[in-house]
Amino acid sequence: MTFYVDIYPFYTLQRSSFIFSGRLLTVILVFLMLAISLLLILPGIRGKSRLFWMFRIIISLFIGVVIVALNFTCDWAEAKMTTNATYKSFSNAVVNADIGLHVGLYGINVTLKGNPVVQLNETIDYNEMFSWHDSIEDEYQEALEKGLPTPILYIAEKFTLGSPCRLIYQYKYSGRYASATLWTAFCSWLLANILFSLPVILYAGYMMIATAALIFFSMASFSTIRNVPQCVFSIGADSFETEYSRSFWLALGTGLLCTVVGILVVMLNFMMPEKMKEAFSVGVDSYEDEEASYEEGYLNTVFLDGVKSLPLTSKTKRNF
């Protein structure tokens, strides 16, 4: 039974967001506004330094936004399949649909989209989020009360505490440690940017290498899901297993980028330290500025000669 254009009266209209969640969209907008604000200062930079600063801003903000956004994406691992499956419990109705499982650091996202979307006089297009941040058992119970389609309930049940697969333990803790390591990498990235503005560029390069190492550690933490026996998801006559997805490979690419930047900064700082300071606008300190100002000073010799040749007056003689 449907109500007003295939909308169930017992199903809430606010469905879980997927790729562009609210938090992920906020992170992207914040870094985008920061990038625009920093790029507005480029016209005030002269010469070839303008191009260098532009690449520096873009690369640095790209690394920062990726590190933060990876905490909120739902595609570290995923699996997809197209099959004929039972649509509802206690019913023999079968639908052809695309079923997807997307694993993030804080939970899973299950999608179900019919081929075509309208089947059995209903719109089959579901997108459900199950988080293990608090308790996935409560969310699974709510899904049962809503009467969600059988494929979604079947996949979500695999991650509950009572499931024989016991996937929740490995996925929950691996995601938790991966997220904590990513936030540590973000702090390391902030410290590296601060050091780039000081005359300690060598240590800034070391911090970029440390950022890369922390990103790799987060990937290693998430990869521990492979240490448990893989649970096969069988729906209808087909089955699937999860594989690493876009966020995992994006983390790998960002880690390699941080490694390259850090190694280049360290090597160039040993080979040409003065040019590196000049490139990062930290080549002249305040002491050198004072010396330069003294060397370029102008003395009025006529005035000095007049002071030296000034004769003693009678008043000055009386003082003696």
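Brief remarks on what is shown
- Amide proton proximity set for residue 245, modelled H, under 5 Å, gap of 5+: 77, 78
- A simple charge model with +1 on the Cβ of Lys and Arg, -1 on the Cβ of Asp and Glu and nothing else charged puts the dipole of segment 100-148 at about 300 debye relative to its Cα centre.
- Rolling a 1.4 Å probe over the protein heavy atoms gives segment 58-195 an accessible area of 42 Å² per residue.
- Packing-based ranking of 196-208, 50-62, 67-79 yields 67-79, 196-208, 50-62, ordered from highest to lowest mean Cβ neighbour count within 10 Å.
- Computed in the context of the full set of protein chains, the accessible area of segment 163-279 at 1.4 Å probe radius has 70% of its extent on carbon or sulfur.
- At the residue level, residue 267 shows approximately 100 square angstrom of accessible surface with a 1.4 angstrom probe and all protein chains present.
- Cβ-based charge dipole, segment 128-210, positive-most Cα from 131, 210, 153: 210
- Inter-part distance where segment 134-158 and segment 225-266 are each reduced to a Cα centre, Å: 26 Å
- Sulfur and carbon atoms: percent of accessible area, segment 50-151 [1.4 Å]: 57 percent
- Net charge of neighbours whose Cβ lies under 11 Å from the Cβ of residue 164, counting Lys and Arg as +1 and Asp and Glu as -1: +1
- The largest accessible area among 128, 274 belongs to the first residue in 274, 128, and the rest follow in falling order (1.4 Å probe, all chains).
The values are calculated or read from the model by the stated rules, or taken from the named source; none is laboratory data. All figures in this text were calculated on a predicted structure; none of them were measured in a lab. Backbone-built Cβ (ideal geometry, glycine too); neighbour counts: all protein chains shown. Areas reflect the complete protein model, heavy atoms only, side chains present, ligands, DNA and RNA absent. Shrake-Rupley method; radii C 1.70, N 1.55, O 1.52, S 1.80 Å.
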